[in-house]
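As structure tokens, the structure follows; a few thoughts come after it.
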Amino acid sequence: MTLTDPSWLFQPLKQRLAGGVVALGAWLMTASAIANDTELPKGHFLLPESGNMVGEVYTVTASEEDTLLDIARAHNVGYEEIRMANPDVSLWVPGEGTEVTIPGQFILPDEPRTGIVINVAELRMYYYPEAEDGHAPRVETYPIGIGRDAYNTPLGITETTMRLENPAWYPPESIRREAAERGDPPPAVVPPGPDNPLGQYAILLDIPGYLIHGTNQPDGIGMRASRGCIRMHPEDIESVFWRVPVGTQVNIIDAPIKLGWDVGGDAYIQAFTATDEQAFGMETLLNVVSLIEAHEGEGRANYEQVSRVLEDANGQIVPLS
């Protein structure tokens, strides 16, 4: 659907509002299994008992050798995320002692918390592994690269079908044709190794020709740069590769506007540039405001504030006052 038909964004949450607050699921926790987010790897969080937000924004200090992309990768964020959070910091030479903001807080997608959810507008994946007996349910989130213009990553619900370690890459006809026109035809097959753009691991989807895979160009994570596949940092795809069972649901969505509520019930909004790069219109603004007011009960949403967030569309999570 287009942005002029915003039901794609709001329908699931409207249903929840109409039906009351839905429980997040049974919490199978024993005293020995209780943990907190500080004990988990970066990007791994316990699901909140209330609200739909995890993580926090924090700052780190750049060293002389750091690039902004080095810092992003070390802290589980991608290119666009780190760039938008630090618009005045040099990408390649932040400078020793520079304070760098890490946008490490996330509003969980308004989708069922099962399997993998990929939000192409956000350039981010969310994985909800099955909770083991006696352990609290968790979410893992990773920055990704997706399809560029004319090669949009397809939307919809699919599933994983196969896992390939050390995959060979067979350049598709479109790539072979373009390369031939440049006078640099590629080989029919690229074997595993440092020149293979799939990296060391690939997870096939039940959409012909589409995969979740690693990369030999990690600086492109957090960009729209692929021909439709979902790219991950090598260490991230390695982390999930052995733990994502064949048959896992993969829900690929395009949700450029996200509304969040913290454990105290305070409201937040986050907006990204839509994948079709169209500006958000008045109908979208009115629907966002209506949804906020429906959740808040009493009081009026700040039209000017919401409008400004939609106009900026810079991925920052903004509290609604």
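The table for this structure:
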{"read-out": "Scan of region 226-236 for residues that are open to solvent by 10 Å² or more (accessible area, probe 1.4 Å), within 19 Å of P172 (Cα to Cα) and more than 15 Å from the chain's Cα centre (by Cα), ordered by number", "value": "R227"}
{"read-out": "Candidate set from region 294-319 (those that are at pLDDT below 90 and touching a strand residue (DSSP E or B) at 6+ places or on another chain (Cβ under 8 Å)); member that is farthest from L259 (Cα to Cα)", "value": "E296"}
{"read-out": "Residue within region 193-211 that is touching an Asp or Glu at 6+ places or on another chain (Cβ under 9 Å) and modelled with pLDDT under 95 present", "value": "no"}
{"read-out": "Hey, T141 β-branched (V, I, T), under 30 Å from S50 (Cβ atoms) and in contact (Cβ under 8 Å) with a residue 40 or more places away in the chain or not", "value": "yes"}
{"read-out": "Hits in region 139-163 (condition: of a type in the set (A, V, I, L, M) and touching a Leu at 6+ places or on another chain (Cβ under 7 Å))", "value": "V139, I144, I146, M162"}
{"read-out": "Whichever residue in region 172-187 is not β-branched (V, I, T) and not in a loop (DSSP other than H, G, I, E, B) and, among such residues, is least open to solvent (accessible area, probe 1.4 Å)", "value": "A179"}
{"read-out": "Residue in region 81-102 that is acidic (D, E) and in contact with a Gly (Cβ under 7 Å, 6 or more places away or on another chain) present", "value": "yes"}
{"read-out": "Of all residues making up region 237-254, the number that are buried (at least 22 other Cβ atoms within 10 Å of the Cβ) and touching an Asp or Glu at 6+ places or on another chain (Cβ under 9 Å)", "value": "1"}
{"read-out": "Condition broken by A279, with the remaining ones in (1) under 27 Å from M162 (Cβ atoms); (2) out of contact with any strand residue (DSSP E or B) (no Cβ under 9 Å at 6 or more places or on another chain); (3) aliphatic (A, V, I, L, M) satisfied", "value": "(1)"}
{"read-out": "Any hit, region 22-45, residues being open to solvent by less than 80 Å² (accessible area, probe 1.4 Å), modelled with pLDDT of 95 or more and outside any loop (DSSP other than H, G, I, E, B)", "value": "yes"}
{"read-out": "In region 173-208, residue farthest from Y126 (Cα to Cα) [restricted to those that are among the small types (G, A, S) and more than 21 Å from the chain's Cα centre (by Cα)]", "value": "G183"}
{"read-out": "Search result, residues across region 208-219 that are of a type outside the set (A, V, I, L, M) and either closer than 20 Å to F106 by Cβ or outside any loop (DSSP other than H, G, I, E, B) (or both)", "value": "H213, P218, D219"}
{"read-out": "Tally, over region 152-171, of residues that are over 18 Å from the mean Cα position of the chain (by Cα), touching a residue at least 24 places away in the same chain (Cβ under 8 Å) and open to solvent by 20 Å² or more (accessible area, probe 1.4 Å)", "value": "8"}
{"read-out": "Enumerated strands (runs of 3 or more DSSP E) restricted to region 62-171, each holding at least 3 residues that are of a type in the set (A, V, I, L, M) and out of contact with any helix residue (DSSP H, G or I) (no Cβ under 7 Å at 6 or more places or on another chain)", "value": "115-119, 156-165"}
{"read-out": "Elements of type strands (runs of 3 or more DSSP E) contained in region 220-321, each with 3 or more residues being touching a residue at least 60 places away in the same chain (Cβ under 8 Å)", "value": "224-226, 249-253, 257-261"}
{"read-out": "Which numbered condition A202 misses (of (1) assigned to a strand (DSSP E or B); (2) open to solvent by less than 60 Å² (accessible area, probe 1.4 Å); (3) of a type in the set (A, V, I, L, M); (4) more than 19 Å from M232 (Cα to Cα))", "value": "(4)"}
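The values are calculated or read from the model by the stated rules, or taken from the named source; none is laboratory data. From a predicted model like this one, the values you see are computed outputs, not experimental measurements. Cβ: placed from backbone, ideal geometry, glycine included. Neighbour counts: every protein chain shown. Heavy atoms of the whole protein, side chains included, go into the accessibility calculation; ligands, DNA and RNA do not. Shrake-Rupley method; radii C 1.70, N 1.55, O 1.52, S 1.80 Å.
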